[in-house]
1. Among the candidates 541, 557, 480, 532, single out the residue that is open to solvent by 10 Å² or more (accessible area, probe 1.4 Å), in contact with a Pro (Cβ under 6 Å, 6 or more places away or on another chain) and within 29 Å of residue 439 (Cβ to Cβ).
2. Have a look at 149, 127, 110, 131 and point out the one that is away from ligand 1 (no atom under 16 Å from the Cβ), of a type in the set (D, E, K, R) and under 19 Å from residue 287 (Cα atoms).
3. In segment 159-182, which residue that is under 16 Å from residue 112 (Cβ atoms) and among the acidic types (Asp, Glu) is nearest to ligand 2 (Cβ to nearest atom)?
4. Can you name the residue in segment 278-299 that is among the aliphatic types (A, V, I, L, M), open to solvent by less than 10 Å² (accessible area, probe 1.4 Å) and more than 14 Å from the chain's Cα centre (by Cα) and, of all such residues, is nearest to ligand 2 (Cβ to nearest atom)?
5. If you take just the helices (runs of 4 or more DSSP H) that sit entirely in segment 439-552, which of them hold at least 1 residues that are touching a Ser or Thr at 6+ places or on another chain (Cβ under 7 Å)?
6. I'd like to know if segment 149-157 contains one or more residues that are crowded, with 24+ Cβ neighbours inside 10 Å and away from ligand 2 (no atom under 16 Å from the Cβ).
7. Take segment 563-593 and flag every residue that is in contact with a strand residue (DSSP E or B) (Cβ under 9 Å, 6 or more places away or on another chain) and free of Cβ contacts under 8 Å to residues at least 60 places away in the same chain.
8. Residue 140 passes all but one of (1) closer than 20 Å to residue 486 by Cα; (2) within 16 Å of ligand 1 (Cβ to nearest atom); which number fails?
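The values are calculated or read from the model by the stated rules, or taken from the named source; none is laboratory data. Since this is a predicted model, take the numbers as computed values, not measurements. Please note: Cβ atoms are built from the backbone with ideal geometry, for glycine as well, and neighbour counts cover all protein chains shown. Keep in mind that these areas ignore ligands, DNA and RNA; they rest on the heavy atoms of the full protein, side chains included. Shrake-Rupley method; radii C 1.70, N 1.55, O 1.52, S 1.80 Å.
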Amino acid sequence: MSAEHDPRLREIYAHPVGRDAIDRLLLQIGRSPRWVTNPLAATMRLSTLARLAKPVLGDRFAPSLLEVLADHDDAPTSTPAVVTSAEQPWWTRAVFYQVYPRSFADSDGDGVGDLRGVLSRLDHLADLGVDCLWLSPIFDSPNEDMGYDVRDYRAVMAEMGTLADLDELIAACHERGMRIILDLVVNHTSAEHAWFQAAVADPEGPYGSYYHLRPGRPGEDGTGPPPNNWTSFFSGSAWRWIPQAQRWALHLFAPGQVDLRWEEPQVRAEVADIVQWWRARGVDGFRLDVINYISKRPDLPDGNEAIGALLGFPGIEHYFFGPRLHEYLRDLRTHGFTRAPHAPAPPSTARERHPDGTLGEPLPPDAVGVMVGETPGVGVEMTRLLAGTDRGELDLVFNFDVLDNPGKTRWDDYRYDLGYLKDHYLDYLERVGHDARIALFLDNHDNPRMLSKVLGPRAHEPALRSSLAKALATIQLMLPGTPFLYQGQEIAAVDQDFTSAAELRDVESLNRLAQLRTEGLSEEEALARVLPGARDHARVPMRWSPGPGAGFSTGSPWQPASEASVGFTVAEQVDDPDSVLGFYRRLIALRRAEPALSGGGMRVLARRSRTYFGWVRSDAAGDWLIEVNLTDRTIRRPRGLPHAEGVLGSAGLRRGATMAPYECVVACVSAHPSSSD
Ligand code: NOJ
Ligand code: MG
């Protein structure tokens, strides 16, 4: 689609990037996509829409949108061939578990979680049935953004341990039948990275082109107009003046997280090298931080004010799905993640885990390390472009649209309606089909806990909290897709009752508070605006056992938790099969034992219901019915459900006419005749 063309809305909607962009805008303002598919709107020209919506969208909306679409004319339009189960890579059936190492387990009493702490708790993960551990950043870092600002990609952060500890952890995971992936943060480096230091010392030298450095003339105090109007995700301009270099440096995140310039071939080669280096040490792949931001529109033009106001970040249309993104990802896959033909075998590989949970021999090394993209702002169609099975780019991507209800953002204080979660996943699964695999996640280190979003203060009612935790586990582990659990989900972790800014540690929360104060808000008002979305809620120490330190540390934790309810630690749940932890274990074991539950087809029941979520997973060995009550009320089961025997449930196994609040059941429908002989 050329930038001069004046397309009809329907043409834009037929373009994958156009469709996602429009869906995103509609989601943001809380409107249904039907608004675009209605015949009258569909034939409207973009220029007409732009004229009508000028008060909201400003003048440059249409050209900005067309520019983004023109960058992606290579988008596939055909549906790729269906992938058969024989071709399914390991991660399609795996359960991933994200550890935030700073808050998982502290082995030396300094209050900071570390690698030996993770090692000491590895059996917890193996017993849970995890197939792959994802470690959030552990590379050497000044920790302006808790490791998402890397100073050295080949060294371990001192407070987390040593390279030898990491080697031991890799081997220990493999020994237990688990793979391990690390976090690759390469949209930016720390400003303390040697590359940036060299760039600052000599901006005209070989490292000057590694970063987005721009000359300028700021005022005496270093303020003065920056090169463009882009803003940082962590408040203020995305540019900082570097006096030694007499240059502006771009940082989409904190000032200490300077963006790499991927147009520079040397940057791409360095990143591929880092990946090969870790693969050779036995690491099984990476989660790639904000990887869809790496390609920026050349010349870094000003962002559209209206899009910026709507999405909160001026400039975003110039980098969230940039012109060379696909090319960079393909290159990285080939040169970084793919094993060279004669590469020596890594020191260890994961042992095979059989359907009954027992372990076999070490598996041969994977030909390609798994690439899990963290991709904020990417919608369903872009998922197919980035993670399509025949695209050679990423394996899995995260779609964040599930995290908030339409019209809401993370910063809003509201009760999340699970009816939307059902709609979102069904729409996502139906549209992605066999083209791509989806990652299923509900919690991570960047978001408050889903249990609290849904329940609000009622998250402190133990029975309701446990039921909902099991219901969410069932959705996450029984839908088609690859689940990513986040530490604490398995014991029903909820948000903290923070009461003062002094309890917060996250750079995003602290910068936001400061900004709100400068806008004139009182301390109390500012805090009330930050707490609903604060990332701190999910970053407090894991609760291993009751009592001081919660089994996390013998010292004082770097970020204390305030939530201390009885019954919600690992020790209190581990021996109780009816606890949330017991339920997770049994559910994961069932998923492993019954391949239909991880790889089988899916048929939805009572599609339109916003209170009942039911579906059937099936393969040649049999059919499984999965049911969840999405509400805190008793509901009636829809009529005409298949006959099925409950195997695992949160409120007993008998399937009567009604379902208790947040009740969930996994039931066996039938065994095909061929499987019984
Ligand atoms: C996404 C990470 O998950 C988040 O924690 C971090 O602040 C940003 N990327 C910047 O690296
Ligand atoms: Mg420690």
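1. 541
2. After ruling out the rest, the residue left standing is 131.
3. Among them, the one singled out is 159.
4. 283
5. 462-478, 507-518, 523-530
6. yes
7. Hits for segment 563-593: nothing passes.
8. That leaves (1) as the condition not met.
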